[in-house]
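The next block holds one structure in the form of structure tokens; read it before the comments.
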Amino acid sequence: QVQLVESGGGLVQPGGSLRLSCAASGRIFSIYTMGWYRQTPGKQRDLVATISSGGSTNYADSVKGRFTISRDGAKNTVYLQMNSLKPEDTAVYYCNALGFYEAGRGHLDAWGQGTLVTVSS
């Protein structure tokens, strides 16, 4: 199996910064895309940012210029640097990894357990 372990969430004041981390481990052959999504109660899970194995990034319009996604391929770890945080950024943030299981066991689509980010004064 594969596990994604997130860390770095918490309470921050508007205008502040947080850095989320997500490490993937287990029977992984390769990961081609890692990303962050967020969800608030009663709403669907929305894309925040993704990054490919080649370093190509994609951001939701609402976070462009404020959030930066990066990854360490050797460690199967993805980061999300969040600056200029706003109350509307409050959500549970989930990490996602797309790739392949080792030993030809097929396609990988794994999620972390989520980490809560609260932006409030």
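In the range 56-72, of all residues being outside any strand (DSSP E or B) and within 14 Å of the chain's Cα centre (by Cα), the one that is nearest to Ser17 (Cα to Cα) corresponds to Val63. If only residues of the range 80-103 that are under 17 Å from Ile31 (Cα atoms) and surrounded by fewer than 18 Cβ atoms within 10 Å (Cβ to Cβ) are counted, the one that is farthest from the chain's Cα centre (by Cα) is Ala103. Tallying residues that are surrounded by 20 or more Cβ atoms within 10 Å (Cβ to Cβ) and more than 17 Å from Val48 (Cα to Cα) within the range 104-121 yields 1. Checking the range 11-32 against the condition returns no match, with no residue being closer than 20 Å to Ser120 by Cα and without any contact (Cβ under 8 Å) to a residue 24 or more places away in the chain. What's the total number of residues in the range 60-79 that are aliphatic (A, V, I, L, M) and either touching a residue at least 60 places away in the same chain (Cβ under 8 Å) or loosely packed, with under 13 Cβ neighbours inside 10 Å (or both)? Qualifying residue count, the range 60-79: 1. Of the residues screened, Val78 is not one that is over 29 Å from Gly104 (Cβ atoms) and β-branched (Val, Ile, Thr).
If you filter the range 104-120 down to residues that are part of a loop (DSSP other than H, G, I, E, B) and at pLDDT 95 or above, you find that the one that is farthest from the chain's Cα centre (by Cα) is Ser120.
With among the aliphatic types (A, V, I, L, M), under 11 Å from the mean Cα position of the chain (by Cα) and modelled with pLDDT of 95 or more as the only criterion, which of Leu18, Leu4 stands out? Only one candidate qualifies: Leu4.
The values are calculated or read from the model by the stated rules, or taken from the named source; none is laboratory data. Everything numeric here is computed off the predicted structure, so don't read it as measured data. Counting neighbours? That spans all protein chains shown, and the Cβs are built from the backbone with ideal geometry, glycine included.
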